[in-house]
Amino acid sequence: MRKISIKETEKKKMLKEFMEIYPGLLTEKEKKVLKLYIKPNLSGSDVARRLKITRQAVHDHVKRALYKMESCEAQVHLLKRKKTVRKDFEKLVNLIEQISVRCNAEEIEEIKKLLAQLEKNL
């Protein structure tokens, strides 16, 4: 296995994030290729060997899937919104931790339950 560049690592991270939000845009074959491709230690050649397809086919599947997901993101901005909501949620958690010293135990438990429900929906 070869050493993976920072650029490729970032691409794989982005693909993983897109796949969490836009899985319905992909064909089964694209999903299968991407699930292997986004693994940190696997190259396109490794994916091709495992799936018994050419490296070019791996490249084509990745490129096509990325295009679909980027096009959709450009229109609906779900990933951008998810990241914004996640940041706001983390700020809220920190703020609640700071003010929780002034709350009673019941209020703190209620806040924790609400935060857990919110986090499930992120």
Residues located in the stretch 21-50, provided they are without any contact (Cβ under 8 Å) to a residue 24 or more places away in the chain, more than 19 Å from the chain's Cα centre (by Cα) and surrounded by 16 or more Cβ atoms within 10 Å (Cβ to Cβ): Gly44, Val47, Ala48
Any hit, the stretch 96-110, residues being exposed (fewer than 13 other Cβ atoms within 10 Å of the Cβ) and either closer than 24 Å to Lys7 by Cβ or touching a residue at least 40 places away in the same chain (Cβ under 8 Å) (or both): no
Number of the condition not met by Tyr67 [criteria: (1) surrounded by fewer than 17 Cβ atoms within 10 Å (Cβ to Cβ); (2) touching a Gly at 6+ places or on another chain (Cβ under 6 Å)]: (2)
Residues within the stretch 51-71 that are under 17 Å from Phe18 (Cα atoms), touching a Lys or Arg at 6+ places or on another chain (Cβ under 9 Å) and free of Cβ contacts under 8 Å to residues at least 40 places away in the same chain, tallied: 1
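Among the residues of the stretch 12-41, count how many are in a helix (DSSP H, G or I), of a type outside the set (Ser, Thr, Tyr) and more than 12 Å from Glu70 (Cα to Cα).
Number of matching residues: 15.
None of the figures in this text is laboratory data; all of them are computed from the coordinates on show. For clarity, every value in this text was computed on a predicted model and none was experimentally measured. FYI the Cβ positions are ideal-geometry reconstructions off the backbone, even for glycines, and counts take in every protein chain you see.
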